[in-house]
Amino acid sequence: MTKDVYEYAVIRVVPRVERGEQINAGVLLYCQPRGYLCARVALDPVRLRCLDPGADVDAVSRALSAYELACGEEPGPLAAESLGGRFRWLTAPRSTIVQSGPVHAGLTADPDTELARLFDKLVRL
């Protein structure tokens with residue numbers, strides 16, 4: 001089975017940027033040879049409120065959903081971008097409540113399975 005290079009980043013929530021505390025809330029995975037870009041997200045509201053009792057859970061959930069939408073085929077601000085362009089835009093450093101961590105690489109024969117594995121390892125408790 002042929003393995004291809006993929007890149008991924010953890011999507012994190014930093015409710016109080018000045019404190020730097022974060023919650024892993026998703027994974028973004030890009031595999032250029034297979035034309036694959038996908039994000040999987042899940043927010044734990046209890047953990048979020050532990051870090052910031054006043055956090056707007058609905059707003060954070062909408063911001064996380066934007067990662068999933070940006071990977072899809074629906075029209076939107078990134079729809080005209082290549083998958084690689086979208087991945088680079090989504091992983092660009094930013095000082096916002098929802099942001100991605102550093103980009104890492106690996107090899108996979110099945111990007112869907114790899115995304116599920118990374119999500120279980122890095123996001124689920």
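Annotations
- Across region 2-23, the number of residues qualifying as touching a Lys or Arg at 6+ places or on another chain (Cβ under 7 Å) and either surrounded by 20 or more Cβ atoms within 10 Å (Cβ to Cβ) or among the aliphatic types (A, V, I, L, M) (or both) comes to 1.
- For Phe87, the conditions (1) under 22 Å from Glu21 (Cα atoms); (2) out of contact with any Lys or Arg (no Cβ under 9 Å at 6 or more places or on another chain) all hold with the exception of (1).
- Within region 52-61, the residues that satisfy the criterion of being surrounded by 12 or more Cβ atoms within 10 Å (Cβ to Cβ) and either modelled with pLDDT under 95 or not in a helix (DSSP H, G or I) (or both) are Asp52, Ala55, Asp56.
- Exactly one residue out of Glu68, Glu73 is over 21 Å from Leu125 (Cα atoms) and among the charged types (D, E, K, R), and it is Glu73.
- Candidates Ile11, Ile23: the one that is within 9 Å of the chain's Cα centre (by Cα) and not basic (Lys, Arg) is Ile11.
- Residues of region 30-60 satisfying the condition of being free of Cβ contacts under 8 Å to residues at least 40 places away in the same chain, within 22 Å of Phe87 (Cα to Cα) and over 18 Å from the mean Cα position of the chain (by Cα): Pro33
- Within region 83-109, tally of residues that are touching a helix residue (DSSP H, G or I) at 6+ places or on another chain (Cβ under 9 Å) and free of Cβ contacts under 8 Å to residues at least 24 places away in the same chain: 1
- Test result for Arg49, surrounded by 14 or more Cβ atoms within 10 Å (Cβ to Cβ) and in a helix (DSSP H, G or I): no
- Index of the failed condition, Ala116 passing every other in (1) farther than 16 Å from Leu29 by Cα; (2) part of a helix (DSSP H, G or I); (3) touching a residue at least 24 places away in the same chain (Cβ under 8 Å): (1)
- Considering residues of region 66-114 that are surrounded by 15 or more Cβ atoms within 10 Å (Cβ to Cβ) and among the polar types (S, T, N, Q) only, the residue farthest from Thr2 (Cα to Cα): Gln99
- Unique match (being farther than 25 Å from Thr113 by Cα and either modelled with pLDDT under 95 or small (Gly, Ala, Ser) (or both)) among Gly76, Gly26, Gly35: Gly76
The values are calculated or read from the model by the stated rules, or taken from the named source; none is laboratory data. Quick caveat: nothing in here was measured; it's all calculated off a predicted structure. For neighbour counting, all protein chains shown are included, and Cβ atoms are generated from backbone atoms with ideal geometry for every residue, glycine included.
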